[in-house]
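Down below is the structure, laid out as structure tokens.
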Amino acid sequence: MKWTWFGWQGLSFPVPEEWNLGKITGDARSGSVRLDDGEVVRVEAEWRELEGRVPGVTTLVDRYVEKLTKRASKSGARIEVKRRVQLIPEGSLPDKDWEVFVWRGEARAYNLAWRCRTCGRIGLLRVFAKGSEDIGRYAGRIFSNLEDHPTEGRRLWGIYGMVLMVPEGFKLEEHSLRTGHIRLAFKEGGRTLTVDRVSLADIMLRGRTLKDWFLDFFDKSLRDFERPSFEGTSFLGHPGLRVFAPPKKLWKRPFFPTFDRVRRSLFLRGCIWRCDDTNTLWAVMATSKERDDLLAEEVTKDVSCHKSSHKPGSDAQVPSGSQFPGQMGAGR
Ligand SMILES: [Zn+2]
Ligand SMILES: [Zn+2]
């Protein structure tokens, strides 16, 4: 089984490639995500930032289990809960208090409840079994690699195998998760960062160059800029283009005022490339008042376009299962 990284609003963990985002709610302060394998839910995660006195993890799990048991008995179901399950090595997640517990009813789930001493988040991560499958194999790998805050000033964002590191100051402004086109847009002060991944590169580039595709695909977002200039180069081992566009000259702007005044005097820099390994097209673009803002280049450096099992910006692979005796499969 191939693994990749999932990352959303600061929360990140490794997941099998077939487990993909199904539902998102909330934001960085509190929210939840659900991943499924196309048939059933495989992972659910919830997080919350808490201020002031926060109950310990044991208390949080007590409460959760109580609710779960009540709900089950109301519906006439029996539920069996095992607390403090030794699934991941002691000393894992060193800056967090945590507990692994398992419940079995009609479904089976491994649960990791945690409280982070670094960022103050509390959270619950659940991994669900399918049929009689031994999910300990997956859960251990997922739990022991959980992170819930930026590391070295960056957050890991990862969806559908699109994995990147974004400086922590940047907040998610907008996301679009269409089949064939994934887009994440971030903002920090007057700077913006957008990352687009488009599928079926071979069809997109049929009879046209990467440059033509780019000008066409981003036609609207390029309106506030002078015609871009391109420089051939390579990114992540693929041929690509470096894009630069200055703000549109004043006299060319429409008479009626645009709402987005700031945008009028921004410089655009971007990196675009085609990943042949995954048949995708990529565009990482940043706008800034600074002509020489190199954000797009910096973000591109650590994008995982075809090696998504690799944690961007570090040498660490998703660890193999060997450190969890009896729990994991043979690895990737
Ligand atoms: Zn944290
Ligand atoms: Zn690639």
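The values are calculated or read from the model by the stated rules, or taken from the named source; none is laboratory data. Treat the numbers as computed from the prediction; the structure is a model and nothing was measured. Positions of Cβ are generated from backbone atoms using ideal geometry, with glycine treated the same way; all protein chains shown enter the neighbour counts.
Being in contact (Cβ under 8 Å) with a residue 60 or more places away in the chain and within 16 Å of ligand 1 (Cβ to nearest atom): is that true of residue 136 here? Let's see the steps before the verdict.
Numbers: in contact (Cβ under 8 Å) with a residue 60 or more places away in the chain: yes; within 16 Å of ligand 1 (Cβ to nearest atom): no.
Here the answer is no, as residue 136 does not meet what is asked.
In the stretch 147-172, which residue that is part of a strand (DSSP E or B) and of a type in the set (D, E, K, R) is farthest from residue 33 (Cα to Cα)?
Filtering the stretch 147-172 for residues part of a strand (DSSP E or B) gives 147, 151, 154-159, 162-167, 171-172.
If we keep only those that are of a type in the set (D, E, K, R) too, we end up with 147, 154-155, 171.
Numbers: 147: 15, 154: 20, 155: 16, 171: 17 Å.
Once the filter is applied, the top-ranked residue is 154.
Exactly one condition in (1) in contact with a Gly (Cβ under 8 Å, 6 or more places away or on another chain); (2) under 21 Å from residue 25 (Cα atoms); (3) surrounded by fewer than 21 Cβ atoms within 10 Å (Cβ to Cβ); (4) modelled with pLDDT of 95 or more is false for residue 148; which is it?
(3)
Would you point out which residue out of 76, 105, 120 is assigned by TED's automatic domain parsing to the domain that holds residue 45 and within 14 Å of ligand 1 (Cβ to nearest atom)?
Numbers: 76 fails: within 14 Å of ligand 1 (Cβ to nearest atom); 105 fails: within 14 Å of ligand 1 (Cβ to nearest atom).
Exactly one of 76, 105, 120 is assigned by TED's automatic domain parsing to the domain that holds residue 45 and within 14 Å of ligand 1 (Cβ to nearest atom), namely 120.
Being assigned to a strand (DSSP E or B) and either over 26 Å from the mean Cα position of the chain (by Cα) or surrounded by fewer than 15 Cβ atoms within 10 Å (Cβ to Cβ) (or both) is the filter here, so list the residues in the stretch 192-237 that pass it.
First, pick out the residues of the stretch 192-237 that are assigned to a strand (DSSP E or B): 192-198, 225, 229-235.
Listed by number, the residues that qualify are 225, 229, 230, 231, 232, 233, 234.
Quick one: count up the residues across the stretch 238-278 that are outside any strand (DSSP E or B) and either under 16 Å from residue 191 (Cα atoms) or at pLDDT below 90 (or both).
Initially, the stretch 238-278 is screened for residues outside any strand (DSSP E or B), giving 246, 248-266, 276-278.
Next, only the ones that are either under 16 Å from residue 191 (Cα atoms) or at pLDDT below 90 (or both) stay: 246, 248-266.
Residues that pass the stated criteria total 20.
Do we find a residue being touching a Pro at 6+ places or on another chain (Cβ under 8 Å), hydrophobic (A, V, I, L, M, F, W, C), within 16 Å of ligand 2 (Cβ to nearest atom) and not assigned by TED's automatic domain parsing to the domain that holds residue 23 anywhere in the stretch 146-164?
yes
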